[in-house]
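First the structure, in the form of structure tokens, and then the observations on it.
The values are calculated or read from the model by the stated rules, or taken from the named source; none is laboratory data. Note that the structure is a prediction, hence the values are computed from the model and not measured. With ideal geometry, Cβ positions are generated from the backbone for all residues, glycine too; neighbour counts draw on all protein chains shown. In case anyone asks, the SASA skips ligands and DNA or RNA and just uses the protein heavy atoms, side chains included. Shrake-Rupley method; radii C 1.70, N 1.55, O 1.52, S 1.80 Å.
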Amino acid sequence: MAETPDSRGRFGIFGGRYVIETLVPALDQLERVYNEACLDETFHKTLAHYLKEYAGRPTPLHFAERLTERLGGAKIYLKREDLCHTGSHKLNNTLGQILLAKRMGKKRVIAETGAGQHGVATATVAALFGLECEIFMGAEDIERQSLNVFRMKLLGAKVTPVTTGTKTLKDATSEALRDWISTVNNTHYVIGSVVGPRPYPRMVRDFQSVIGEETKVDILTKEGRLPDYLVACVGGGSNSIGMFHPFFNDKDVKFIGVEAAGYGLDTDKHGASLNKGRPGVLHGNMSYLLQDKDGQIQEAHSISAGLDYPGVGPEHSHYKDIGRGEYVAVTDKEAVDAFKLLSEVEGIIPALESAHAIAYTLKLAPTLNKDNIIVVCLSGRGDKDVDQVSKIMGEI
Amino acid sequence: MSRIGEAFKKSNGKKLLIPFITAGDPDLDTTIEIIEVMVKNGADMIELGIPFSDPLADGATIQRSYNRALKKGISLRKIIAAIPKIRQKTSVPIILMSSYNLIYSYGDEALVRDASKAGVDGLIIPDLLPEDADELISYGQKYGVDTIFLTAPTSNEERIKLVAQRSSGFIYHISLAGITGTKSAVAAEVKAGIERVKEFSDTPVAVGFGISTPEQAGKISGYADAIIVGSANVKIVEENINDKELMLKKVGNFIAKLKKEI
């Protein structure tokens, strides 16, 4: 199947494994243990148990009636990942990975985090299973996501500020990888998105595919047919790939990934690697990257810490190149407007990341007719962003 | 035989010293002077670090030196353009150490060709694994540039065999599970690690990461064919960044001490 990576972890030319030799045995072990788990009925049962009883899945597929009326076009459904325990889709993946960490006998987990959602989701499962946990977070993100920092600490995790480079998600990821090189014998690195070296992009995608699988079942029940469009935000791209992947072979279902245009795609302050980058290697895989002419990685910018990343998952790069996915971008301002609108019209405060997907839907829905169906992945809730948005509402 | 191969052959069992230095920190002219001083004081080869924005295997010292050099506009192209100037001063082997993205961005074949033409003898690309390096190895053979791969304390037999089979010039053994310039190598572990590599290969083994003092270098050189010292040199540059004369003097003294102990 075209959407499954080859044995070298390649999606087309993207993906692979670009790491220092020290990490190879741990990645091989992870791949082996994951492949075994995939064939193990007990593993699936255990994961399904935690997804249901602990995470609160399945999440609802909410018909956004007032938003649909307001826009006057396609019917809009929201996949409510914000209702998942800890407030975002991130727990789907961390539950899967913590079970693997237990299988491998690792005593400690580490993670990078941007907005803090993945950090919280990792700290949560570490608490649930009694593992030591350390979260690497850019100093700038610690500043803008102080609520999540406190949540992680409450959950018993150590939060280590990263002060190198741009002090955001990119540097937190680099620092987590550096820690892992030094602690690989007793530590599992819980990567939070569909990035990193083989087998992470495939494994994280598989854990997040529950989003698309549930959506498929629900929409068939509610509408008797598949949607015309799936819309999701793309930073590293885990909620979007989780939504898209189960529909890969349903060729009439269009995928729209929404990147962060920041101040605008014509400025140098955005996070739109698929729109404005070119292929390169960062954090263990080949993918579209924001980089200068020499290959130095460029600073990304987004109002939302979770989209503030110069790379993107390799499977998205592949979808772009084969034309399976369309990748667009919306600005900080459009995202904040959507953040406010969804709150007012549907009574749902979305995460700023997810607000990017809403913002594009506001443009797309009116161009379609009433028979069309759009499903938007509402990947997280916006409580964490309320403080930041209240500060900038005057500024934007 | 490559210049690197000859250096090991000529050594007659004497251990070689390979200091690492960041290219362009604080500027390329100073880098060239540092190399001259290193060679004068006993460096047998030079490992030249190519500054990258996100070096994953490097600790804070080398990261800071890369940032200093990048702020002043250093690039792989400028470094390669400066190699002939180094070649005018010394004939010791020059090895470039670079993250793969810079090479991919330059173009694999163009980079190997241009580097070879400029006088580079070998390439170390820590994030390019030997199983993914078919093309690079073939360009290396075509243009006469050694491709040096790494073994780690975590490497199993299968990995060591693969690295040994694909490395030319030497094998770079990482002394410890860690990044550069943070922890100290433990002699007994390094000994065991190198012995495992030697079991599967006749290629010379150089050991690096975690060697920062002449005493350590002396101890560990007993087990390896060459010693690589990196962050300690970069630190001397950093601490004397505003006094070039003193910087060069201290680098020279340090290299001489290392040389004496190995």
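Across the range A:242-396, Cα-Cα distances exceeding 23 Å account for 39% of all pairs. Ignoring aspartates and glutamates fewer than eight residues from A:Lys107 along the same chain, the ones with Cα atoms less than 19 angstrom from its Cα are A:Asp28, A:Glu31, A:Glu132, A:Glu134, A:Asp179. Per residue, the convex hull spanned by the alpha carbons of the protein assembly as shown comes to 145 Å³. For the range B:95-121, a drop of 10 Å² or more in accessible area on going from the chain alone to the assembled protein chains (1.4 Å probe) is found at B:Tyr100, B:Asn101, B:Leu102, B:Tyr104, B:Ser105. So if a site counts as exposed when it's one of the trypsin sites (Lys or Arg not before Pro), its DSSP state isn't H, G, I, E or B, and it has at most 15 other Cβ atoms within 10 Å, what's the longest stretch of chain B without one? With trypsin sites (Lys or Arg not before Pro) excluded where exposed in loops, chain B gives B:73-262 as its longest stretch.
Only helical runs count toward this figure. For chain B, summing -39,500 (n - 2.57) over DSSP H runs of n ≥ 4 and dividing by all residues gives -15500 deg cm²/dmol at 222 nm.
Plainly put, the range A:260-318 has a radius of gyration that is 0.94 times its Kirkwood radius, both from alpha-carbon atoms, as the Rg/Rh ratio. Pairs from the list A:Lys153/A:Lys340; A:Lys170/B:Lys72; A:Lys79/A:Lys333; A:Lys158/A:Lys391; B:Lys117/B:Lys244; A:Lys75/A:Lys167 with a Cα-Cα gap above 32 Å: A:Lys75/A:Lys167.
Summed over both chains, the accessible area lost when B and A associate is about 2800 Å², using a 1.4 Å probe. Note that the range B:3-261, at 10 °C in a medium of 1.306 mPa s, gets a Stokes-Einstein diffusion coefficient of 88 µm²/s from its Kirkwood radius over C-alpha pairs.
Mean projected area of the convex hull spanned by the Cα atoms of the range B:164-262, taken over all viewing directions: 6.7 nm². Based on Cα contacts under 8 Å between residues 6+ apart, chain A shows a relative contact order of 21 percent. Charge tally around A:Asp28: other residues with Cβ under 11 Å, Lys/Arg +1 each, Asp/Glu -1 each, net +2.
Each residue, A:Glu53 and A:Glu213, gets one label point 7 Å from its Cα in the Cβ direction; the gap between the two is 1.9 nm. Normalised by the number of residues in the range A:259-396, the mean separation of alpha-carbon contacts (under 8 Å, six or more apart) gives a relative contact order of 20 percent. Along the range A:252-263 the Karplus relation, 6.51 cos²θ - 1.76 cosθ + 1.60 evaluated at θ = phi - 60°, assigns HN-Hα couplings of 7, 8, 8, 9, 10, x, 10, 8, 8, 8, x, 7 Hz to successive residues, with x for each Gly and Pro. Put simply, the C-alpha atoms of the range A:80-202 give a gyration tensor, and the ellipsoid matching it has half-axes of 19, 17, 14 Å, longest first. Each helix, a run of at least 4 DSSP H residues, gives -39500 (n - 2.57); summed and divided by the residues of chain A, these come to -13000 deg cm²/dmol at 222 nm.
Separation of the alpha carbons by more than 28 angstrom is noted, of B:Lys9/B:Lys78; B:Lys15/B:Lys183; A:Lys251/A:Lys370; B:Lys78/B:Lys219, for B:Lys9/B:Lys78; B:Lys78/B:Lys219. Near A:Leu289, within a Cβ-to-Cβ distance under 11 Å, what is the net charge of the other residues, with Lys and Arg +1 and Asp and Glu -1? Once all neighbours under 11 Å are counted, the net charge is +1.
Computed 3J(HN,Hα) for the range A:72-88, one whole-Hz value per residue from the Karplus formula 6.51 cos²θ - 1.76 cosθ + 1.60 where θ = phi - 60°, is x, x, 4, 6, 10, 10, 10, 7, 7, 5, 5, 8, 5, 3, 6, x, 7, glycine and proline marked x. For the protein assembly as shown, the share of DSSP beta bridges that are antiparallel, to the nearest 5, is 20%.
What the Cα convex hull of the range A:86-144 gives, in volume per residue, is 69 Å³.
Per-residue Karplus couplings for the range B:153-167, computed as 6.51 cos²θ - 1.76 cosθ + 1.60 with θ equal to phi - 60°, are listed in order as x, 8, 5, 8, 4, 4, 5, 4, 4, 4, 4, 4, 5, 9, 7 Hz, Gly and Pro entered as x. Expressed to the nearest 5 percent, the antiparallel share of DSSP beta bridges inside the range A:213-353 is 35 percent. Quarter the surface of the alpha carbon convex hull of the range B:222-261 and you get the mean projected area, 2.9 square nanometres.
Across every direction, the projection of the convex hull enclosing the Cα atoms of the range B:146-195 has a mean area of 3.6 nm².
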